[in-house]
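Peer 1: Dumping the structure here so I can ask a few things about it.
The values are calculated or read from the model by the stated rules, or taken from the named source; none is laboratory data. Predicted model, so just to flag it, every value in this text is computed and none were measured. We place every Cβ from the backbone using ideal geometry, glycine too, and count neighbours over all the protein chains shown. These area figures cover heavy atoms from the full protein model, side chains too; ligands, DNA and RNA do not enter into them. Shrake-Rupley method; radii C 1.70, N 1.55, O 1.52, S 1.80 Å.
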Amino acid sequence: MSKIEQSKTYTGTDLETIFFRPMLNGPDANALGIRIMYNMPVPTTLHFWKRSGDILRKFTGDGWQGSAAADRYQKTIRLDRVKAEASYSAEDYFNMVFELISNRPDVNMEDLSGTELEAAETQLFREAVAESIRATMWMGDTERTGDGAMFNTFDGFIKRIQEDIEQGETDIRNFTIESLSGTGEAEGVLRQLWDNASEELRAAKPQGNLIYLVTSDIYAGYEDALDNVLLDSAYQAKQQGRAGLSFRGIPVVDIQISNYLPQFEEMPESIAILTDRRNLALAVNTADFPGTEVRMWYNPDQMENRQRAVFMAGCDYLLPELISYASMAKA
């Protein structure tokens with residue numbers, strides 16, 4: 001056996017439960033540091049509730065004395081129809097799928113059923129789709145055209161934030177990163193993001209939802225600064241690594257796009273964002289539009305295994321006052 005010929009199609013409930021929901025829920029999705037809205041009612045709307053002020057009243061024994069309703073902020077996330085496609089030579093595809101199966105300790109290699117092959121194929125394609133969604137969520141720009149244009153299916157966070165800053169009609173607090181070459185400069189970026197943040201953003205800290213979203217150079221620079229602290233705990237962390245970083249109790253997350261940024265002239269070299277993780281949202285929908293599906297099949301004419309996913313996706317932020325942003329332009 002050196003090829004996989006059985007075709008598979010996921011639609012409806014199977015599309016959600018087998019393919020998309022596993023990658024849009026759970027620890028891996030939470031580690032992105034943003035809100036993920038999957039199969040929310042269309043149009044998909046991002047909500048943020050601001051608590052009312054003083055709702056206590058002196059007791060009088062009669063009449064309604066309730067305060068005004070809490071403020072609700074809304075923004076509709078534009079969803080674009082996208083598709084993901086991949087093709088492999090039959091032999092390469094079989095080897096990749098077989099390797100995924102053989103790495104599992106609970107598999108009987110003498111009896112590979114169709115279910116085992118299907119699970120491995122699904123995992124292979126799901127990982128590729130998840131990475132494309134994640135990268136487009138940050139790097140996306142629908143104005144990119146031409147052969148080989150990448151990440152142009154929907155606009156990402158960087159484009160949306162920078163366009164609003166350039167228009168001068170926003171409350172996004174921002175500054176320019178001059179350099180990251182010196183010791184402690186990455187830590188200085190995190191500190192300045194906090195210092196530049198609006199009062200609304202600072203006030204949200206006790207709720208535990210603030211997060212720093214940074215490129216790898218800033219993350220590594222801050223970790224280097226922690227290594228220079230003369231404490232036994234820092235010495236141990238330098239040897240064993242750190243499961244995660246925090247600055248003033250706020251998690252610092254590497255958004256892992258530094259390998260993509262150099263490919264696009266219009267993108268900055270580095271970015272850093274301090275925000276409320278509920279303020280940035282990725283929306284994916286596979287339920288409310290016709291033609292959404294995932295297919296995997298063998299093409300005998302080309303001797304290829306092919307994969308295709310069709311769905312809707314988009315992302316946006318809600319409140320500009322809950323964003324403190326910094327970027328460094330390419331040299």
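Peer 1: Which numbered condition trips up K83, out of (1) exposed (fewer than 15 other Cβ atoms within 10 Å of the Cβ); (2) of a type in the set (K, R); (3) more than 21 Å from the chain's Cα centre (by Cα); (4) modelled with pLDDT of 80 or more?
Peer 2: So K83 meets the others, but not (3).
Peer 1: Any chance you could count how many residues in region 95-147 are at pLDDT below 90 and of a type in the set (A, V, I, L, M)?
Peer 2: 11
Peer 1: In addition: Could you please give the count of residues in region 1-21 that are touching a residue at least 40 places away in the same chain (Cβ under 8 Å) and within 11 Å of T292 (Cα to Cα)?
Peer 2: Residues that pass the stated criteria total 5.
Peer 1: Could we say that E199 is modelled with pLDDT under 95, open to solvent by 60 Å² or more (accessible area, probe 1.4 Å) and under 22 Å from D217 (Cβ atoms) here?
Peer 2: Working: modelled with pLDDT under 95: yes; open to solvent by 60 Å² or more (accessible area, probe 1.4 Å): yes; under 22 Å from D217 (Cβ atoms): no.
No: the conditions fail for E199.
Peer 1: In addition: Which one of these does K58 not meet: (1) open to solvent by less than 90 Å² (accessible area, probe 1.4 Å); (2) at pLDDT 75 or above; (3) basic (K, R)?
Peer 2: (1)
Peer 1: Restricting to region 1-50, name every residue that is open to solvent by 80 Å² or more (accessible area, probe 1.4 Å) and either farther than 23 Å from F94 by Cβ or in a helix (DSSP H, G or I) (or both).
Peer 2: First, pick out the residues of region 1-50 that are open to solvent by 80 Å² or more (accessible area, probe 1.4 Å): 1, 5-6, 13, 21, 27-28, 30, 40-41, 43, 49-50.
T13, R21, P27, D28, N30, M40, P41, P43, W49, K50, listed by residue number.
Peer 1: Further, regarding this structure: Of all strands (runs of 3 or more DSSP E) completely enclosed by region 249-331, which ones contain at least 3 residues that are in contact (Cβ under 8 Å) with a residue 12 or more places away in the chain, in contact with an Asp or Glu (Cβ under 9 Å, 6 or more places away or on another chain) and open to solvent by 10 Å² or more (accessible area, probe 1.4 Å)?
Peer 2: Because the criterion is at least 3 residues that are in contact (Cβ under 8 Å) with a residue 12 or more places away in the chain, in contact with an Asp or Glu (Cβ under 9 Å, 6 or more places away or on another chain) and open to solvent by 10 Å² or more (accessible area, probe 1.4 Å), the strands (runs of 3 or more DSSP E) in region 249-331 that meet it are 304-317.
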